[in-house]
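Everything on this sheet refers to the single structure shown next.
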Amino acid sequence: MPGEKSVDRVTLEILAKAKADGVSTAFDRAEEIKPCPIGAEGSCCKHCAMGPCRVPAPKKKGESETERAKRRGVCGATAETITARNFVRMIAAGTAAHSDHARGIAEVFLATAKGEIPGFKIQDEQKLYQIALDLGVEIGERSVQEIAVEVGEKCLAEFGRQHGELLFVKRAPLKRQELWRKRGIVPRGIDREVVELMHRTHMGVDQDYRNLLLQGSRCALADGWGGSMISTELQDVLFGVPQPIGGHINLGVLKEDEVNLVVHGHEPLLPELMVVASQDPEIQSYAKSKGAKGINLAGMCCSANEVLARHGIPVAGNFLQQELAIVTGAVDAMVVDVQCEMQSLADVAKCYHTKVITTNPRAKMQGATHIEFEEHRGPDVAKKILREAIDNFPRRKGNAVHIPTGSQEMVVGFSHETINYLLGGLFRASYRPLNDNIINGRIRGIAGVVGCNNARTVHDSAHLTMIKELIKNDVIVLTTGCAAMACGKAGLLTPEAAAEYCGPGLAEVCEAVGLPPVLHLGACVDNSRILMAATAVVKDGGLGDDISDLPAAGAAPEWMSEKAIAIGQYFVASGVFTIFGTTFPITGSEEVSKLLFEEMEGITGGKWAFEVDPLKAAHMMIDHINKKRKALGLDKGRERVLYDMAMRRELDAV
Ligand code: XCC
């Protein structure tokens, strides 16, 4: 309905409760606080104490050279330098976030391999061997433990590497690697690229916006093919590669008669232990002793995606629903780690009985209880937190509780490995059927639609409008993060969605295999799975020899976090046309806009676009996909060959 803040009925229902309870949420604050127009365009510089300098946008027409020369900061920095600096600092922050997460995982992985840590073990040996091969770790007759120790050490060394190339760069198509080398943007060490970007954007260092954007690309690649990929890969070995699994989503997953504990954030280490600890008979009977029927673990944001994909743990909601989970009055504890946690959680919790528990020394919050997740006694910490939640259950204020009815079913847990065997069959796992269906036109192309919610747009609306338009036009969608949850709530992550929303070609493929038309690939670090899927498609042949040749596009229509910019840039640097909605933080400079929206294609084969209207954005993606199909000679329309028995026999004989 026009004027509504969300397209999700459940969100609106709890927003009404927040209003009645006198609780302010991000939805309200987004209306009260107007964004600074110059900051929104990226041309406000506060990198030194002579500023902040706000460099206004140029006059629409007829700006004289003198007027143009005046549009500078005190140090003389131009709008292009300032916007480029701000933009690449976002990349540095996003890369740092994903990569610091990855470092934590690598440390726990190594300690697990050495047998120094309780609660974790090497679960997926197949994946370990695959990673070992890619990292150049010898397998031979060595034990799983020996291999895992060396894999852990090699991954940890990637952060502090000073020279050479990140090892996972070799996973990319050869042509792509060559292009990166030619452009001088192959990442060395992950930390090194972040530090260099912070240095270059310090006052008075790199004042050439093109040069800044090249290092921005190098740093972003250190995220996608470095930090994020290390997180995904090592998490898969520790906790298992996700397999298709059923799940439920939305605030209706909370339970009236059970202890509700919501895990929120990004790192799956503690949530994995909570899954185990919540099933412990001692903890279960403790919950019963306090009058609860059991323990209901639910997830929020990317922590949710992690435990959903591996255990089918229900999802309470995406980014903009975090305060609303507490407003239901039914959450006994919200346990947070790092990233995307609103500081307002502690304030909202004051109006109810919810205990907000921070667990990571990097991320404390005033008004929250801090129980540190010390990995070496992880299972004990998990139980301690569960007991806190259980102790809090009797404090629920009955008249303040309102849990919306119902939740949506979905099928999740896809990865580049599962796409392989789902489409190819268990015994001839391959991307061939996917490639063939793209070549024959049943599937027009592939889109990665990912990213956040943003309180300045209608919650979930742009995700759903864009994705429905894409699948209607036979574009299969890979999704992660909060976008994936929007799809889950709207029923797009079910095989049945194929018949309802897809064009005839995609519907046919999905129905034949029993796949949803939108595949949930996990959390935001798992966007690295999309890079791997794209690479697998290239390597299977018939669709060009680089990611930039593929009929594919990426989007984050409701983005808000710096991590999204890092992700967008590593997709662009990997050769993908990538379109963002909401706002775009470089529009204060015509030169930087031209570089990112046009010239980048000549540098990396991918480019950015900015379009607020999700329907228009979807058609820009489809046009791009069509352009790539044409370049591959696939624009002739599909030829339907009807096989008679003789032809079938002939085929079988091949
Ligand atoms: Fe955060 Fe990952 Fe964005 Fe959602 S999608 S708001 S970054 S939780 Ni990652």
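Just one of the listed residues (GLU611, GLU562, GLU590) is closer than 30 Å to GLU63 by Cα, at pLDDT 95 or above and of a type outside the set (Ser, Thr, Tyr), namely GLU611. State whether one or more residues within the range 638-649 are outside any helix (DSSP H, G or I) and either at pLDDT 95 or above or open to solvent by less than 20 Å² (accessible area, probe 1.4 Å) (or both). No, there is no match, as no residue in the range 638-649 is outside any helix (DSSP H, G or I) and either at pLDDT 95 or above or open to solvent by less than 20 Å² (accessible area, probe 1.4 Å) (or both).
Among the residues that make up the range 215-237, is at least one of them modelled with pLDDT of 95 or more, open to solvent by 10 Å² or more (accessible area, probe 1.4 Å) and farther than 28 Å from PRO495 by Cα? Yes: the range 215-237 contains one or more residues that are modelled with pLDDT of 95 or more, open to solvent by 10 Å² or more (accessible area, probe 1.4 Å) and farther than 28 Å from PRO495 by Cα. Does the range 432-440 include one or more residues that are under 30 Å from ILE105 (Cα atoms) and open to solvent by 60 Å² or more (accessible area, probe 1.4 Å)? No, the range 432-440 contains no residue that is under 30 Å from ILE105 (Cα atoms) and open to solvent by 60 Å² or more (accessible area, probe 1.4 Å). From the residues in the range 598-615 that are β-branched (Val, Ile, Thr) and within 22 Å of LEU550 (Cα to Cα), which one is surrounded by the fewest Cβ atoms within 10 Å (Cβ to Cβ)? Checking each candidate, the answer is ILE603.
Taking residues in the range 290-308 that are among the basic types (Lys, Arg), and partners anywhere that are within 11 Å of the ligand (Cβ to nearest atom) and open to solvent by less than 10 Å² (accessible area, probe 1.4 Å), not one pair has Cβ atoms closer than 8 Å while being at least 6 places apart or on different chains. When the range 330-344 is limited to residues that are surrounded by fewer than 22 Cβ atoms within 10 Å (Cβ to Cβ) and closer than 24 Å to GLU13 by Cβ, the one that is nearest to the ligand (Cβ to nearest atom) turns out to be MET342. Here CYS487, CYS524, CYS482, CYS502 are screened, and the one residue that is away from the ligand (no atom under 16 Å from the Cβ), modelled with pLDDT of 95 or more and surrounded by 24 or more Cβ atoms within 10 Å (Cβ to Cβ) is CYS502. PHE577 fulfils the conditions (1) away from the ligand (no atom under 12 Å from the Cβ); (2) over 24 Å from GLU469 (Cβ atoms); (3) open to solvent by 10 Å² or more (accessible area, probe 1.4 Å) except for a single criterion, (2).
Quick one: which of ILE313, ILE326 is under 30 Å from GLU107 (Cβ atoms) and of a type in the set (Val, Ile, Thr)?
Of ILE313, ILE326, the one residue that is under 30 Å from GLU107 (Cβ atoms) and of a type in the set (Val, Ile, Thr) is ILE313.
Of all the listed residues (ALA555, ALA534), the sole one being touching a Leu at 6+ places or on another chain (Cβ under 7 Å) and either of a type in the set (Ser, Thr, Tyr) or modelled with pLDDT of 95 or more (or both) is ALA534. Taken together, the residues in the range 179-191 that are more than 21 Å from ARG210 (Cβ to Cβ) and open to solvent by 40 Å² or more (accessible area, probe 1.4 Å) amount to 1.
The residue that is most open to solvent (accessible area, probe 1.4 Å), among those in the range 303-328 that are within 11 Å of the ligand (Cβ to nearest atom) and within 17 Å of HIS459 (Cα to Cα), is PHE319. Is it the case, given these coordinates, that GLY265 is within 16 Å of the ligand (Cβ to nearest atom), open to solvent by less than 10 Å² (accessible area, probe 1.4 Å), over 22 Å from VAL458 (Cα atoms) and modelled with pLDDT of 95 or more? When the stated conditions are applied, GLY265 passes them. Tell me, please, whether a residue that is of a type in the set (Ser, Thr, Tyr) and exposed (fewer than 15 other Cβ atoms within 10 Å of the Cβ) can be found in the range 57-73. Yes - at least one qualifying residue is present in the range 57-73. So how many residues does the range 444-458 have that are under 19 Å from LYS34 (Cβ atoms), in contact with a Lys or Arg (Cβ under 9 Å, 6 or more places away or on another chain) and within 15 Å of the ligand (Cβ to nearest atom)? Adding up the residues that qualify gives 1.
Is it true that ALA556 is of a type in the set (A, V, I, L, M, F, W, C), within 16 Å of the ligand (Cβ to nearest atom) and surrounded by 24 or more Cβ atoms within 10 Å (Cβ to Cβ)? Answer is yes for this residue.
Mind listing whichever residues of the range 463-477 are within 16 Å of the ligand (Cβ to nearest atom) and open to solvent by 10 Å² or more (accessible area, probe 1.4 Å)? The one that is within 16 Å of the ligand (Cβ to nearest atom) and open to solvent by 10 Å² or more (accessible area, probe 1.4 Å): LEU464.
The values are calculated or read from the model by the stated rules, or taken from the named source; none is laboratory data. Predicted, not measured: the structure shown is a model, and the values here were computed from it. Because the Cβ atoms are built from the backbone with ideal geometry, glycine has one as well, and the counts that use them run over all protein chains shown. Just so you know, the surface numbers come from the protein's heavy atoms only, side chains and all, with ligands and any DNA or RNA stripped out. Shrake-Rupley method; radii C 1.70, N 1.55, O 1.52, S 1.80 Å.
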